[in-house]
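Working notes, beginning with the structure itself.
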Ligand SMILES: NC(=O)c1ccc[n+]([C@@H]2O[C@H](COP(=O)([O-])OP(=O)(O)OC[C@H]3O[C@@H](n4cnc5c(N)ncnc54)[C@H](O)[C@@H]3O)[C@@H](O)[C@H]2O)c1
């Protein structure tokens, strides 16, 4: 077996998602057939309380700092994973790219459309720098099967597409406010900026870009405890239901698509789903039933029967894990990182499913900006494509 090339990585933002990447790197030996391997050598966060966990689990870490410029000035760091609050994406992603580091950034990839545009302008000026955005749910086996259907196009005429992300982490009105509920840090999109890239990843990849949208946006919780004894305004949108009209990219008829991004969805802990209904073929997958892919094939006059298939651990990148075992969130993160590093290592190779590209983050922003306008005006809004 030939040794894998080690790729020296730094993490900026060591919170919830920073730790998920660190654990994926620690589990890298589970992956077979990859020629590269991440090695975490440097971390940065303002919260020094996070450092002990990293230090005690990763002897490869040599630099621990509260100033991210310390990572950018180190010549031997190749890749940065940046998982910071949304108000910092523009400045820090631009600094990373200008420092010549490759980047896996987090969604929404800029707090708003104009911040995203400035990040993309910088990427354009640095064509040698490899940049992608994180979105792991399409790496679940069921979601990957849906992507394979999208490539084969078995639908007949598409009747409708429904995609969403439902969770209930804010259903407890007594939960203290955090940055994700503050407009100046999370952005005006609110729940759409948190969850929209996950929901749009497959539709955008399929070329199902809405021409116009109507959004109903809800602010359900108007104030929250601040964790220090006071109650403060909670300003962000909690839930968004977006009705889209999509022109089929090849066949030019239009079909409806619904997108839901809910932070208050009773009974849902963390459910990502997609459903495509067509005259010949239908498919749906939800992480609520993570093993199960549902399909329905229809021929005129025939029966209409949904078929449930247990997929097991049918990951995109082969692992040591037995095919009968369960697949979960940590596996999706590992698979997403495998795709990122595989594409990084072979820029011109066709890989089975690539991470979100910068251009796809721009489409996400164009759609969410139209949804925000629609939600605020109560009118249908056109999606302005650049
Ligand atoms: N892909 C996913 O499934 C997923 C899930 C959750 C969050 N996210 C995204 O990841 C990003 C981070 O979210 P999170 O949930 O990890 O947040 P978090 O609050 O857990 O972590 C963010 C970290 O950034 C640090 N930080 C803030 N300002 C800093 C600065 N100037 N320099 C260095 N560190 C700084 C904070 O101390 C904190 O530890 C966001 O873009 C969010 O949308 C993605």
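Only the coordinates and a few stated rules stand behind these numbers; no lab work does. Everything quoted here is computed from the prediction, not taken from an experiment. Counting neighbours? That spans all protein chains shown, and the Cβs are built from the backbone with ideal geometry, glycine included.
Listed values, structure above:
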| item | result |
| --- | --- |
| Fewest-first sequence of 361, 377 by Cβ atoms within 10 Å of each Cβ | 377, 361 |
| Convex hull (Cα only) mean projected area of region 5-133, reported in nm² to one decimal | 7.7 nm² |
| Kirkwood hydrodynamic radius of region 218-292, from inverse mean 1/r over distinct Cα pairs, in Å | 15.8 Å |
| Sequence of 155, 53, 237 once ranked by neighbouring C-beta atoms within 10 Å, starting from the fewest | 53, 155, 237 |
| For the chain, built as a Gaussian network whose Cα springs stay under 10 Å, the top-fluctuating residue of 252, 175, 288 | 252 |
| More than 38 angstrom apart: percent of Cα pairs within the chain | 18 percent |
| Ranked 305, 160, 275, criterion: other C-beta atoms within 10 Å, fewest first | 305, 160, 275 |
| Gain upon complete extension [residue 176, residue 299; 0.36 nm per residue less C-alpha separation] | 39.0 nm |
| Taking N as its residue count, the alpha carbon Rg of region 248-386 over 2.2 N^0.38 Å | 1.30 |
| Antiparallel DSSP beta bridges within the chain, percent to nearest 5 | 60 percent |
| Centroid-to-centroid separation of region 232-249 and region 149-178 [C-alpha atoms, Å] | 11 Å |
